[in-house]
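K.L.:
Here it is, the structure in full.
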Amino acid sequence: MDYNKLAELLFPSVTLTVADLEAKYPSRNLPEGARVTRFAPSPTGYLHLGGLFGALTDVMTARLSGGVAYLRIEDTDKKREIDAGVSAILGGLNAFGVKFDEGVTLDGETGDYGPYKQSRRVFIYHAVAKELVQKGLAYPCFCSEDDLSSMRAAQETEGTSIWGYFGKWAKCRDLTYEQIADNIANGKPWVLRLRSDGDDQRRVAFDDQIRGKIEMPENIIDEVLLKSDGVPTYHFAHACDDHFMHTTHVIRGEEWISSANKHIALFKACGFKLPKYAHTPVIMKIDENDGSKRKLSKRKDPEAAVSYFVEQGFPKEALIDYLLTLMNSSFEDWRRANPTADAFSFPFTLKKMSVSGCLFDMAKLTDISKNIISLMTADEVYARTLEWAQSYDAEFASVLSSDEAKAKAIFAIGRGGKKPRKDFATWSEVKDFIGFFYNEYFEYKDGVGDFAKSDVITCLKCYCDTYDASDDQNAWFDRIKAVAEQNGFCPDMKEYKANPDAYKGSVADVSSFVRVAVTGRQNSPDLYSVINILGKAEMLCRINKFTEQL
Ligand code: GLU
């Protein structure tokens, strides 16, 4: 058959050649050893935690080698696409500070290797496809859905070990030019298939950058390269895009391992150099109900969506640090040695990436987050909480910003010292911790416990009578001790422990009467600081209210 003639029949308007494309997309001018990576999501409007994990792996790999990480949108499957699908993904990446050097952005794209959306790269796929046809390496297939179903049924009956379009089942593989021309003249839809030269008795191998050598049988399937609407399949687009965009390291989910033999065959057919592959592990979790280990699921687990962490208000640094602990087990030691360093400067290596232990652990993320927030300044905590609240709790945002100095003073309690308070892990938890400072949210949550009402009232009255706003912390506490002593409570904790029956309680109990009356709860930040922020009038008012409702 004259393949050039066939190529003209199939792609009459394609004049661009692979050589033109090679000239349009020359090698990148990068230093030796620089890695080019890409994050290639479909525009589903949903960024899975595993996607952020992959994107972070791409960015870290490129950055540490002085290379380039770019963002490509794989929008060839219109069924999976939703409106604003790209902006939701970009929003998730931006929220956690994962930045690409080139590719699709919120307002277009940047870089010399575009377009970065597959739907705009059809001219590239068609040029490569035409050349494959010219070389006899691809052919049109006119099989209908029905033909393919009957083929599958026949394969089932025969019990073939491999299913798909290959060998004797590949009915269109040997059509003559005339048959093809007739079909096309009759308007029969066609797909373009690879003419595989594979043999399942032979094996192919590649060196996975995370998992080491992976071997599998050669691909023998005549894979679809272009669908009947001319749109490429993932496999074909992957070969064309990663070749012309000069990707050196294809980092993608482990679900693609089993397709690697198809990709090896395709790169070979196209005459492209195979990139290095790194197949990342899937993020798993322990199921709350049955304790089994399973994939983090979009359907069952709210925390599978990156947007969940934005809505909850996890600081971006916390999620990134947490993902890095999953990516390289040496991260935690590095973090201990470099507590304030930018996480993106961590010397991440693909080779040390764990393939098994990728278990999502909310408790650990929470711990990391509390720690990171505890190291922030009061101004920073104020700004971040306010920013979160402006999107998710407008009322709290206006309460906070109505008195900036007060809010900052609240956040300053217990902060800045050697052992800072580790109270909240997310911005959404802040209101619960500090709400009592504001009358809008103040309520009595806890009681004082088993003490005679009259004792509680007398102690509080005595406390109010002697309170002096000019006292320093020691003087203030001495007065509480005095109140304790006057009312049959032990002022000294050691003495009280030795002799509990001799007293109604201790100075700690008297403090807790004041604490509960003023904050509504048994646990609060440093009471002296709390009272200083509230002011004497508000303190007296709350104590009054408390004793009235006792
Ligand atoms: N668009 C593919 C996906 O969303 C990307 C796989 C790859 O990175 O090659 O799974």
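The values are calculated or read from the model by the stated rules, or taken from the named source; none is laboratory data. Everything quoted here is computed from the prediction, not taken from an experiment. With ideal geometry, Cβ positions are generated from the backbone for all residues, glycine too; neighbour counts draw on all protein chains shown.
K.L.:
Which of the residues spanning the stretch 89-126 are in a helix (DSSP H, G or I), surrounded by 20 or more Cβ atoms within 10 Å (Cβ to Cβ) and small (Gly, Ala, Ser)?
P.N.:
Gly92
K.L.:
Here is a list of conditions, (1) within 16 Å of the ligand (Cβ to nearest atom); (2) surrounded by fewer than 18 Cβ atoms within 10 Å (Cβ to Cβ), and Met1 meets all of them except one; can you say which number that is?
P.N.:
Met1 satisfies all of (1) within 16 Å of the ligand (Cβ to nearest atom); (2) surrounded by fewer than 18 Cβ atoms within 10 Å (Cβ to Cβ) except (1).
K.L.:
What single numbered condition from (1) under 25 Å from His279 (Cα atoms); (2) free of Cβ contacts under 8 Å to residues at least 60 places away in the same chain fails to hold for Arg193?
P.N.:
Going through the list (1) under 25 Å from His279 (Cα atoms); (2) free of Cβ contacts under 8 Å to residues at least 60 places away in the same chain, Arg193 breaks only (1).
K.L.:
Something else: Does the stretch 190-206 contain any residue that is part of a loop (DSSP other than H, G, I, E, B), within 16 Å of the ligand (Cβ to nearest atom), in contact with a strand residue (DSSP E or B) (Cβ under 8 Å, 6 or more places away or on another chain) and farther than 24 Å from Tyr70 by Cα? Let's see the steps before the verdict.
P.N.:
Pass one, the stretch 190-206, residues part of a loop (DSSP other than H, G, I, E, B): 190, 195-202.
Filter once more, keeping what is within 16 Å of the ligand (Cβ to nearest atom): none.
No, there is no match, as no residue in the stretch 190-206 is part of a loop (DSSP other than H, G, I, E, B), within 16 Å of the ligand (Cβ to nearest atom), in contact with a strand residue (DSSP E or B) (Cβ under 8 Å, 6 or more places away or on another chain) and farther than 24 Å from Tyr70 by Cα.
K.L.:
Please verify whether the stretch 127-149 includes one or more residues that are of a type in the set (Val, Ile, Thr) and either under 27 Å from Ala269 (Cβ atoms) or touching a helix residue (DSSP H, G or I) at 6+ places or on another chain (Cβ under 8 Å) (or both).
P.N.:
yes
K.L.:
Hey, does the stretch 160-178 have a residue that's within 30 Å of Tyr70 (Cα to Cα), under 42 Å from the mean Cα position of the chain (by Cα) and exposed (fewer than 15 other Cβ atoms within 10 Å of the Cβ)?
P.N.:
No, the stretch 160-178 contains no residue that is within 30 Å of Tyr70 (Cα to Cα), under 42 Å from the mean Cα position of the chain (by Cα) and exposed (fewer than 15 other Cβ atoms within 10 Å of the Cβ).
K.L.:
Go through the stretch 250-281 and give me each residue that's surrounded by fewer than 20 Cβ atoms within 10 Å (Cβ to Cβ) and of a type in the set (Phe, Trp, Tyr).
P.N.:
Scanning the stretch 250-281 gives Trp256, Phe267, Phe272.
K.L.:
Would you kindly identify the helices (runs of 4 or more DSSP H) lying entirely within the stretch 490-550 that contain at least 1 residues that are of a type in the set (Lys, Arg)? Walk me through how you get there before you give the answer.
P.N.:
Numbers: elements: 493-498, 507-519, 527-534, 536-549.
Per the criteria, 493-498, 507-519, 536-549.
K.L.:
Conditions: (1) surrounded by 14 or more Cβ atoms within 10 Å (Cβ to Cβ); (2) modelled with pLDDT under 95; (3) under 24 Å from Ile543 (Cα atoms). Arg421 meets all but one. Number of the miss?
P.N.:
Condition (3) is where Arg421 drops out.
K.L.:
I've got another one for you. Restricting attention to the stretch 446-464, report how many residues are touching a residue at least 60 places away in the same chain (Cβ under 8 Å) and in contact with a helix residue (DSSP H, G or I) (Cβ under 8 Å, 6 or more places away or on another chain). Lay out the reasoning, then the answer.
P.N.:
At the first step, the residues of the stretch 446-464 found to be touching a residue at least 60 places away in the same chain (Cβ under 8 Å) are 446-449, 451, 453, 456-457, 460-461, 463-464.
With in contact with a helix residue (DSSP H, G or I) (Cβ under 8 Å, 6 or more places away or on another chain) added as a condition, the list becomes 446-449, 451, 456-457, 460-461, 463-464.
Count: 11.
K.L.:
Among the residues that make up the stretch 219-231, is at least one of them within 16 Å of the ligand (Cβ to nearest atom), surrounded by fewer than 21 Cβ atoms within 10 Å (Cβ to Cβ) and without any contact (Cβ under 8 Å) to a residue 24 or more places away in the chain?
P.N.:
Within the stretch 219-231 (the criterion being within 16 Å of the ligand (Cβ to nearest atom), surrounded by fewer than 21 Cβ atoms within 10 Å (Cβ to Cβ) and without any contact (Cβ under 8 Å) to a residue 24 or more places away in the chain), the answer is no, since none of the residues qualifies.
K.L.:
Give the stretch 282-324 a look and list any residue that's surrounded by fewer than 18 Cβ atoms within 10 Å (Cβ to Cβ), under 15 Å from the mean Cα position of the chain (by Cα) and farther than 28 Å from Lys431 by Cβ, or say none.
P.N.:
Val282, Met284, Lys295, Ser297, Lys298
K.L.:
Looking at the stretch 30-45 only, could you name the residues that are surrounded by fewer than 22 Cβ atoms within 10 Å (Cβ to Cβ), away from the ligand (no atom under 11 Å from the Cβ) and touching a residue at least 12 places away in the same chain (Cβ under 8 Å)?
P.N.:
Result: Leu30, Pro31, Gly33, Ala34, Gly45.
K.L.:
Do the conditions hold for Ala537, that is, is it of a type in the set (A, V, I, L, M) and within 18 Å of Ala469 (Cβ to Cβ)?
P.N.:
yes
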